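Student: Would you mind keeping the following structure in view while I ask a few things?
The values are calculated or read from the model by the stated rules, or taken from the named source; none is laboratory data. Note that the coordinates shown come from a computational prediction; the quantities given were computed from them, not determined experimentally. All Cβ positions, even for glycine, are placed from backbone atoms using ideal geometry, and neighbour counts span all protein chains on display. Only protein heavy atoms, including side chains, enter the accessible area calculation; ligands, DNA and RNA are left aside. Shrake-Rupley method; radii C 1.70, N 1.55, O 1.52, S 1.80 Å.
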Amino acid sequence: MKTLRQRALDFRESGRFADAAMVWRSLLRDQPDDWRTALELKSDLGSDFHYSESDPLFRRAARALPDREWLAHYADLTTFYTADLPFLEARAKAMLAKRPADPDVRIMLGNVLLQQRRWAAAERHFAAMPETPAIAMKQALAGLYRRLSSAPRPDTVAEAIPYEIAVLNLDSNVSRWRDIQRAFRRSQPPIVRISAVRGSLLPAAAAHLLAGESGAMARGTLGCFLSHAAAWEAMLARGLPHCLVIEDDVVPQLPLPSTLDALCPPEGYDLCFVNDRMQPRWPVDRIAMSGGFTHVPLQEAFATFSPDDNAPGADGYLVSAAGARKLLAWVKRDGFAYDVDWRLLAYGLTDAECAGQPRGSHAWRELDRLRHMVGAPDRLRTYVLHPALIRTVPISSDREDENRKLESLGAG
């Protein structure tokens with residue numbers, strides 16, 4: 001009779017990574033500190049395009065990783081699970097006491113301080129490290145956020161600009177809704193939950209009609225797109241002049257003000273990205289000289305975006321009522337094919353700007369096919385905020401999970 005471990009390895013060998021992960025989880029339930037099994041789980045989660053940090057059994061066992069394996073795992077991450085940050089800080093400090101010259105430990109601790117939003121501590125930490133371009137960038141951003149977080153807010157404003165936060169959240173994802181409410185508890189604008197669309201429940205015929213063949217094959221992607229459209233409709237129905245649309249896998253970099261005055265949105269804007277993935281990649285000197293939030297035209301910001309990055313993200317953006325009306329009219333005309341974040345870019349960039357991306361890059365491929373779908377010459381007045389207001393957290397993507405579910409079942 002095969003052991004559970006051998007069954008998991010057999011599943012892996014045959015490419016059934018989700019089944020292998022289920023077996024590793026079963027083993028971890030009996031031995032929650034078995035870090036070797038945790039690394040096996042991490043391997044199969046990664047092969048199945050899941051974040052290991054999104055799995056509570058893995059995170060529990062990862063605390064038992066020996067120093068070398070622990071650092072190899074966490075030094076490779078760009079973002080950490082929020083609830084684990086205090087433990088990660090304590091472990092990194094203990095390791096640093098033993099290995100004070102280890103640059104990987106020092107960088108990892110600095111990244112934890114950044115994600116705890118302890119800007120002054122992070123700034124001092126990176127300032128004490130040997131300077132590299134990456135370290136200088138982290139130090140400069142920490143300094144900018146420190147200045148923003150300590151800047152006095154005026155008691156009165158000449159013209160208050162109200163807005164609300166619309167959170168896209170599946171009905172089944174109650175824990176993420178709780179996490180969002182906790183993460184934004186110090187933010188002042190009202191938070192409204194938008195019931196997200198579960199794409200896998202859409203009939204294939206409806207998906208074909210809404211998004212063509214791509215919609216039928218990737219109904220998680222279609223559901224995500226439809227969820228954003230639901231948020232645009234909801235803000236107009238509520239009579240909102242402005243709305244911050246976020247997905248439920250983000251946290252704020254700073255407490256959000258009650259009105260948009262502090263962010264000084266450009267007059268007549270339609271859409272403004274405020275997420276970390278779209279944050280302009282400015283040189284250190286420019287960041288160090290910045291005294292507040294800056295809005296950069298989309299083309300200028302996107303010129304600093306790596307052409308091979310595959311996800312600019314629609315996890316955080318401001319949209320005006322005029323922008324929402326345009327978007328709803330245009331998707332009614334153009335349909336809901338492909339990813340919503342690339343569609344927003346295609347609606348904000350001119351045909352020439354789409355075609356002018358480095359040929360053969362991921363950005364060029366995405367925008368080249370989309371620019372042929374957006375028929376009207378009109379474009380959204382689109383900007384990007386620097387620095388970012390929100391950042392993503394390492395939890396599994398509902399959109400990708402929905403797509404994989406259909407792939408495993410056969411997508412009709």
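Student: Kirkwood Rh, segment 327-375, all Cα pairs: how many Å?
Tutor: Value: 10.8 Å, from the Cα pair sum.
Student: Now for a different question. Using just the Cα positions, wrap segment 196-270 in a convex hull and report its mean projected area in square nanometres, one decimal place.
Tutor: If you wrap the Cα atoms of segment 196-270 in a convex hull and average its projections, you get 6.8 nm².
Student: Ignoring ligands, DNA and RNA, please state the percent of accessible area on the chain from carbon and sulfur, probe 1.4 Å.
Tutor: On the way: 10230 of 18940 Å².
Carbon and sulfur together cover 54 percent of it.
Student: Continuing with the same structure: May I ask for the distance between the Cα centers of segment 56-73 and segment 156-219, given as a whole number of Å?
Tutor: 32 Å
Student: Can you tell me the accessible area per residue over segment 32-138, all protein chains present, probe 1.4 angstrom, in square angstrom?
Tutor: Values: 5140 Å² over 107 residues.
Accessible surface, normalised per residue, equals 48 Å².
Student: Now for a separate question. Among the DSSP beta bridges whose two residues both lie in the chain, what percent are antiparallel, rounded to the nearest 5? All intermediate terms of the calculation are to be shown ahead of the outcome.
Tutor: Working: 16 of 30 bridges.
So the antiparallel bridges amount to about 55 percent of the total.
Student: Using the Kyte-Doolittle scale, which helices in the chain average at least 0.5 and also have C-alpha atoms spread 24 Å or more along the helix axis, with helices defined as whole DSSP H runs?
Tutor: Both cut-offs are met by 219-237.
Student: Given labels modelled 7 Å from the Cα in the Cβ direction, how far is it in nm from SER43 to ILE161?
Tutor: Once both label points are built, they end up 5.2 nm from each other.
Student: Further question: If Rh is defined by the Kirkwood formula over all Cα pairs and Rg also comes from Cα, what ratio Rg/Rh do you get for segment 45-194?
Tutor: Rg/Rh for segment 45-194 comes to 1.03.
Student: Per residue, how large is the accessible surface of segment 205-326? Use a 1.4 angstrom probe and give square angstrom.
Tutor: Per-residue value: 36 Å².
Student: Also: If you place +1 on the Cβ of every Lys and Arg, -1 on the Cβ of every Asp and Glu, and leave all else neutral, what size is the dipole of the chain about its Cα centre, to the nearest 20 Debye?
Tutor: Once rounded to the nearest 20, the dipole reads 780 debye.
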